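Structure first, then comments.
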Amino acid sequence: EEIDHLIFLPGFSTAEQVTSVSGRGVGMDVVRRNIESLGGTVRITNNPGKGSVFTVSLPLTLAILDGMIVRVGAENYVVPITSIIETLRPKTEDVHHVQGKGDVINVRGDFVPLIYLHRVFDIPQAETNPSQALVVLVETGNDRLGLVVDELIGQQQVVIKSLLDNFEPIAGISGATILGNGRVALILDIEE
């Protein structure tokens, strides 16, 4: 396996003679570097005398995602549909403050912590009262959270673009997408 991976070394070539267009060993190292820059991996399985199999694995974040577009203030965010349990507008009496912990919402006898997206991302002019806003109940593993948003825009399939090439990681954001109207929307990382 180590010998197989020598093909990815910069400048490595199996050509006996170098020409002006080939044999310089600048092919597979560039391929590997680009795949790894996307967060992927490339593997070689070699069967001497029969051939080789190159397996390229790219993360799911380079795929299409079914998402619910939500508005918070003037900003749009995408919540992965697979994380959403339901959306609701809570009654004032269902929202309770827990000293030192934040707010919780009573959903059919279960108390679910509320996350105010306008506080997390410092968005001005957003609805601060959960009973006037909407709560999107999401599930992360065994935990449930209520995301407080201003409005549901609608469901849409989006292409996930990584931010890591152009920006440092942002807590709570897994990537970005360009919506049909040309605006950029950040995709929420519910686990984060």
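The values are calculated or read from the model by the stated rules, or taken from the named source; none is laboratory data. Small disclaimer: the values here were computed from a predicted structure and weren't measured. Cβ: placed from backbone, ideal geometry, glycine included. Neighbour counts: every protein chain shown. We work out accessible area using only protein heavy atoms, side chains counted, and drop any ligands, DNA or RNA first. Shrake-Rupley method; radii C 1.70, N 1.55, O 1.52, S 1.80 Å.
In terms of the Cα gyration tensor, with a ≥ b ≥ c the square roots of its eigenvalues, is region 152-192 rounded because a/c is under 1.5, prolate because a/b exceeds b/c, or oblate?
The shape class here is oblate.
Can you return the aspartates and glutamates within cross-link range of residue 91? Criterion is Cα-Cα under 18 Å, with same-chain partners fewer than 8 residues away left out.
The reachable aspartates and glutamates, counting only those whose Cα sits under 18 Å from residue 91, are 103, 110, 127, 150, 151.
Multiply the residue separation of residue 183 and residue 5 by 0.36 nm, subtract the distance between their alpha-carbon atoms, and state the gained length in nm to one decimal.
Details: separation 178, 0.36 × 178 = 64.08 nm, distance 4.19 nm.
Working it through step by step, the gained length comes to 59.9 nm.
To test your reading of the geometry: what angle, between 0 and 90 degrees and rounded to tens, separates the Cα axis of helix 28-37 from the longest principal axis of the chain?
The two axes meet at around 10 degrees.
First measure r as the distance between the Cβ atoms of residue 171 and residue 15, then evaluate 1/(1 + (r/R0)^6) with R0 = 45 Å and state the FRET efficiency to the nearest 0.05.
For residue 171 and residue 15, the calculated efficiency is 0.40.
What does the extension gain come out to for residue 66 and residue 82, with contour length at 0.36 nm per residue minus their alpha carbon separation?
Taking 0.36 nm per residue and subtracting the Cα distance, the gain is 5.0 nm.
Measuring from centroid to centroid over Cα atoms, what is the spacing of region 122-192 and region 40-60 in Å?
Taking the Cα centre of region 40-60 as reference, the centre of region 122-192 is 35 Å away.
Compute the Rg to Rh ratio over region 1-135 from the alpha carbon atoms, using the Kirkwood formula for Rh, and round to two decimal places.
A ratio of 1.30.
If amide H atoms are built 1.01 Å from N in the plane of the peptide, which residues on other chains or at least 5 residues away come under 5 Å of the amide H of residue 103?
When sequence neighbours closer than 5 places are left aside, the close amide H contacts are 98, 114.
Where the convex hull is taken over the Cα atoms of region 58-177, what is its projected area averaged over directions, in nm²?
Details: hull surface 33.5 nm².
Convex hull of Cα atoms, orientation-averaged projection: 8.4 nm².
Counting helices only, and only those DSSP H runs with n ≥ 4, report the 222 nm mean residue ellipticity of the chain as the sum of -39,500 (n - 2.57) divided by its residues, in deg cm²/dmol to the nearest 500.
Estimated from H runs of four or more residues: -2000 deg cm²/dmol.
Along Cα→Cβ, 7 Å out, is where each label goes; now give me the distance between the ones at residue 46 and residue 191 in nm to one decimal.
3.4
Before I look further, what does region 14-164 give for accessible area per residue, probe 1.4 Å, in whole square angstrom?
63
Given contacts defined as C-alpha pairs under 8 Å and at least six residues apart, what's the relative contact order of region 45-129, whole-number percent?
Relative CO of region 45-129 lands at 21 percent.
Tally up the carbon and sulfur contribution to the accessible surface of region 118-187 as a whole percent, 1.4 Å probe, everything protein left in place.
The nonpolar share, carbon plus sulfur, comes to 46 percent.
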